[in-house]
Amino acid sequence: MKVLLEITKPESILTRCRYAIKDTDQFTFDIALIALKQGIKVARNHWQAHTYAHEPKHLSIKTNTKFEGMTINQAIYETLVSGFEIPYIPSMKDLLSDDWQIIPPEPSRPL
């Protein structure tokens, strides 16, 4: 297993807990948000089985993007199976689930 993200998360005022997220780990949305802010793509576990063009594939943060004529400084975007990206607003189910995972970066292709 490869460690893809290491974070320190406050557990209480007195203690801090260090997490090492591996490529097979699943976690809650608060950890997913930290990963997103560090430029790492995340997804719910069951999203990887999606095959229809309108279904979600993964999330990422975009900066200084235009959507329907407006410039958005920073927002979470959902990439669909079709490759189309739309702004993402998490549902209550997404916020409370514990099946989030990191999408490993694609290997770079030789020129």
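The values are calculated or read from the model by the stated rules, or taken from the named source; none is laboratory data. Small disclaimer: the values here were computed from a predicted structure and weren't measured. Glycine gets a Cβ as well: all are built from the backbone with ideal geometry, and neighbour counts include every protein chain shown.
If we keep just the residues of the range 79-110 that are among the acidic types (Asp, Glu), closer than 15 Å to His46 by Cβ and in contact with a Lys or Arg (Cβ under 8 Å, 6 or more places away or on another chain), which is surrounded by the fewest Cβ atoms within 10 Å (Cβ to Cβ)?
Asp99
So Thr71 clears everything in (1) out of contact with any Lys or Arg (no Cβ under 9 Å at 6 or more places or on another chain); (2) at pLDDT 90 or above; (3) part of a strand (DSSP E or B) except one condition, right? Which one?
In the conditions (1) out of contact with any Lys or Arg (no Cβ under 9 Å at 6 or more places or on another chain); (2) at pLDDT 90 or above; (3) part of a strand (DSSP E or B), Thr71 misses (2) alone.
If we scan the range 43-63, do we find a residue that is assigned to a strand (DSSP E or B) and over 14 Å from the mean Cα position of the chain (by Cα)?
Yes - at least one qualifying residue is present in the range 43-63.
Restricting attention to the range 30-87, which residues are under 12 Å from Trp100 (Cα atoms) and among the acidic types (Asp, Glu)?
If the condition is that a residue be under 12 Å from Trp100 (Cα atoms) and among the acidic types (Asp, Glu), then Asp30 is the only one that fits.
Taking the condition of being over 10 Å from the mean Cα position of the chain (by Cα) and modelled with pLDDT of 85 or more, how many residues in the range 9-37 meet it?
Count: 4.
Among all residue pairs at least 6 apart or on different chains, which show Cβ distances below 8 Å where the first residue, located in the range 52-80, is over 15 Å from Ala32 (Cβ atoms) and charged (D, E, K, R) and the second is at pLDDT 85 or above and outside any strand (DSSP E or B)?
From the range 52-80, the pairs are Glu55/Trp47; Glu55/Val81.
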